[in-house]
Amino acid sequence: MIELKKILVPTDFSKGAEVAYPVAQNIANTFGGKIDFIHVIPMFKYFNESIKRLGVPLDMNKDVYPRIIDESEAKIKKGMDQYLKEINKGDHVVKIDRRPSEAIVEYAADNGYDLIIMGARGKDESKLIRGGTTERVIRKSKVPVFSVDSRFDKENIKNVVLTTDTSELSLSAFPLAVSIADTFGADLTLFNVIELYGSISEEIPRNPEKGEAVSIYEGIIERINNYLTKRKFDSIHVQRTGVMFEDEVVITEGDQSRKVQLFTKIEKGISAHYEIEAYASENADLVIMATHGHSGFAHLILGSTAEKVAQYVKKPVITIRPDENDFSQK
């Protein structure tokens, strides 16, 4: 079972960023972790050079940045005091960097965070559903990223949707999806798209007597349990119920166990990202996807298709980037 005990919340102090604060506290309520805040001040390189050329007696490093840092630290402390419980309140950091997204990614990786929680949009409300900084953090971060906006309501997370192309890379997000569904008391739905012009799910053998959808469904469940065994996630396993496409994830802790309802949904379509967006818009309260590489996403459903989903789907999205070196690629 994945634990999320060290959480990083990036902020630019906008209303868009603030929506992440109570979400972080809700996660910490379950896992008992610490929440740290980070604010990155954009480096005004060209402005600083222009000031020097004009001969204006103003030094950014001595006259401007220290004041901005002080003001930023005061805003962070105010936000943490307002939204976080004392027991979950961690550290805060203010950095100066030319590229805020890269500074966030680097800080999260270097300091061993389990989850980044950030607003889908910051100060620039006119950008795409996922703003520029959030999108770049999703693309580059090796730490899972939970991007939320004002539509997020922790009381109404009833169905967590995990997209999968049946590959082991995509299924690597399964343990995190189980933890999140368990945290919010939600069902978990595996969503797979059979693209009309071919997809990686074709690797799963079809049984003519069972049909295409059932063959893929049974292949996915088998691959999940094989993955969990191989990766030594001994506390969780999928238990078949005898009802097609409806199973249970059993979570074991010592002598106690609990269950998360698991559903599998398989759709056919020309465009995977369209099918995912359409299904998520109507049925998902939260979407989880695996990402990787310079392009941001793995395989067909997790390629440019998923990048579009992460940008445009109007639901909270959690992305997780598996270590590709741990997986055999075909």
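The values are calculated or read from the model by the stated rules, or taken from the named source; none is laboratory data. If you're wondering where the values come from, they're calculated on a predicted model, not measured in any experiment. Using ideal geometry, Cβ is built from the backbone for each residue, glycine included, and neighbour counts are taken over all protein chains shown.
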Those residues of region 223-256 that are over 16 Å from residue 172 (Cβ atoms), exposed (fewer than 14 other Cβ atoms within 10 Å of the Cβ) and out of contact with any helix residue (DSSP H, G or I) (no Cβ under 9 Å at 6 or more places or on another chain) come to a total of 10
Scanning region 257-277 for residues that are among the aliphatic types (A, V, I, L, M), modelled with pLDDT of 90 or more and within 18 Å of residue 192 (Cα to Cα), the one surrounded by the fewest Cβ atoms within 10 Å (Cβ to Cβ) turns out to be 266
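So that you can scan it fast, the table gives a plain yes or no per residue for (1) assigned to a helix (DSSP H, G or I); (2) modelled with pLDDT under 90; (3) surrounded by fewer than 17 Cβ atoms within 10 Å (Cβ to Cβ); (4) within 21 Å of the chain's Cα centre (by Cα):
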position	(1), (2), (3), (4)
9	no, no, no, yes
36	no, no, no, yes
41	no, yes, no, no
57	no, yes, yes, no
62	yes, yes, yes, no
74	yes, no, yes, no
80	yes, no, no, no
Quiz item: Do we find a residue being modelled with pLDDT of 90 or more, surrounded by fewer than 17 Cβ atoms within 10 Å (Cβ to Cβ) and assigned by TED's automatic domain parsing to the domain that holds residue 42 anywhere in region 96-106?
Solution: yes
Here the qualifying pairs (Cβ atoms under 6 Å; residues six or more apart or on different chains; first in region 152-177 and within 17 Å of residue 237 (Cβ to Cβ) and not assigned by TED's automatic domain parsing to the domain that holds residue 29; second at pLDDT below 85 and in a loop (DSSP other than H, G, I, E, B)) come out as 168/327; 172/322; 175/2; 176/2
Of the listed residues (148, 214), the one being crowded, with 22+ Cβ neighbours inside 10 Å and among the aliphatic types (A, V, I, L, M) is 148
Cβ pairs under 9 Å, 6+ apart or interchain, first in region 232-255 and under 28 Å from residue 31 (Cα atoms) and touching a residue at least 12 places away in the same chain (Cβ under 8 Å), second of a type in the set (D, E, K, R) and part of a loop (DSSP other than H, G, I, E, B), ordered by first then second residue, are 252/234
In region 172-191, anything farther than 14 Å from residue 2 by Cα and either touching a strand residue (DSSP E or B) at 6+ places or on another chain (Cβ under 8 Å) or basic (Lys, Arg) (or both) is listed as 184, 186, 187, 188, 189, 190, 191
Among residues of region 122-137 being out of contact with any helix residue (DSSP H, G or I) (no Cβ under 6 Å at 6 or more places or on another chain) and at pLDDT 70 or above, the residue surrounded by the most Cβ atoms within 10 Å (Cβ to Cβ) is 134
Original post:
Can you find even one residue in region 154-163 that is over 28 Å from residue 215 (Cβ atoms) and modelled with pLDDT of 90 or more?
Top reply: yes
